[in-house]
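The values are calculated or read from the model by the stated rules, or taken from the named source; none is laboratory data. Being a predicted model, the structure only gives us computed values, none of them experimental. Note that each Cβ is placed from the backbone with ideal geometry, even for glycine, and that neighbours are counted across all protein chains shown.
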């Protein structure tokens, strides 16, 4: 078995409990996000109020990403994970017990803080246990788990009506079940140290396209993952149809990560970013005209939208790394997250305001304009900025921004994975082969004839004098 294969198997054994826990959390996140959106629409909350609920979730998520590392340093990983899981399990029931919009708003903010606390804990643990040589492969598997279980969480909504208690209890069960593999693991907990932040002004000067891309992705992804359910429900689609469209969106984005990533590694990444942004804008036009009219056409267009849209964040992150020195990458990823997080708080509020003014079509119009602006800005940067040489481009690693998932800790994993991929692989050491080669060299090597000197004659032993006997002493 190759050494790299042994390292990969060993890394997966050491993080298997964490991956199971993260998978259950992602399923719970997909379930509760869809459930709360549907319940809010069924109970006739106003569109601006729904936008406020969704924005406060991202506000809690952003606050948690800032404070969670400090809490972990004080109480440790297991206690942090258990505490945040308990908080998340409690807050989900407030959406069932009351219809007070202000209680919902506070519960969403606290829930966002709790979920990001669990993910920072799990991802920092994962970063510590994954071997550097295979960290890129571990991150890829981690992202695939996020995609698959997020899609599974969407479809769990079909098990009951949004107003029934069953789905809220199921969400709490999934969160509680995620505790077991993490808390029962016998692996040691890592020493945690929060990365320092890169100055925002310096990041904008070093890579303005990455900074603006993070802002654009924060706006568009927060709108799609929160207001998308509201948009489809207001069009009159059944719950099964809504979850099917969201599943197509997620899975198409998962499948398109690698081909577009390979394309961006081969050519100038800015052209790929601009092309995907314009492709997302075109696909959203199709979604706006077909959703609620032709379900098959809507599924095709939303699949194209996911394929163009979801790989963009990882591509922006990779482009930022191309513009920075290796020692700057980790701190810059945390700063990039701030750009993304602040914009994600504003996204649902912006979309809710447009939908309240222009109707349901405001959802598609908002996303179309944002993607179009990103494509135009990328084209302007291509003309005015210097391209990164192909030899200096790093490797693309899939990443996703979702209601939960990628935190600054996972971005640290992405940076270290990219660095490890550029390191030369170790030379295999085969002791048997070395011994065999040494024996062959000894056989083929000519033996030198050396002249032997004649042995020196042994000297005769020296004669010893006999001791004279003393005469007896006279009395």
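Observations, loosely collected:
- Test: residue 64 is in contact (Cβ under 8 Å) with a residue 60 or more places away in the chain and crowded, with 24+ Cβ neighbours inside 10 Å: no
- Residue identified as part of a loop (DSSP other than H, G, I, E, B) and modelled with pLDDT under 95 among 261, 292, 288, 306: 292
- Filter pass, residue 316 being more than 21 Å from residue 58 (Cβ to Cβ), out of contact with any strand residue (DSSP E or B) (no Cβ under 8 Å at 6 or more places or on another chain) and assigned to a helix (DSSP H, G or I): no
- Region 89-126, residues that are free of Cβ contacts under 8 Å to residues at least 40 places away in the same chain and not in a helix (DSSP H, G or I): 98, 100
- Scanning region 237-258 for residues that are part of a loop (DSSP other than H, G, I, E, B) and at pLDDT below 90 returns a single hit, 256.
- Qualifying position, being exposed (fewer than 15 other Cβ atoms within 10 Å of the Cβ), part of a helix (DSSP H, G or I) and either modelled with pLDDT under 80 or out of contact with any helix residue (DSSP H, G or I) (no Cβ under 7 Å at 6 or more places or on another chain) (or both), among 202, 137, 193: 202
The rows are residues; the columns are (1) buried (at least 17 other Cβ atoms within 10 Å of the Cβ); (2) in a helix (DSSP H, G or I); (3) at pLDDT 90 or above; (4) more than 23 Å from the chain's Cα centre (by Cα).
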| residue | (1), (2), (3), (4) |
| --- | --- |
| 330 | yes, yes, no, no |
| 336 | yes, yes, no, no |
| 343 | yes, yes, yes, no |
| 351 | yes, yes, yes, yes |
| 355 | yes, yes, yes, yes |
| 363 | yes, yes, yes, yes |
| 367 | yes, yes, yes, yes |
| 376 | no, yes, yes, yes |
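- Meets criteria (free of Cβ contacts under 8 Å to residues at least 24 places away in the same chain and farther than 23 Å from residue 144 by Cβ) for residue 290: yes
- Residue within region 13-31 that is in a helix (DSSP H, G or I), farther than 29 Å from residue 246 by Cβ, modelled with pLDDT under 90 and in contact with a helix residue (DSSP H, G or I) (Cβ under 6 Å, 6 or more places away or on another chain) present: yes
- Number of residues in region 265-277 that are in a helix (DSSP H, G or I) and either surrounded by fewer than 22 Cβ atoms within 10 Å (Cβ to Cβ) or at positive phi (or both): the value is 6.
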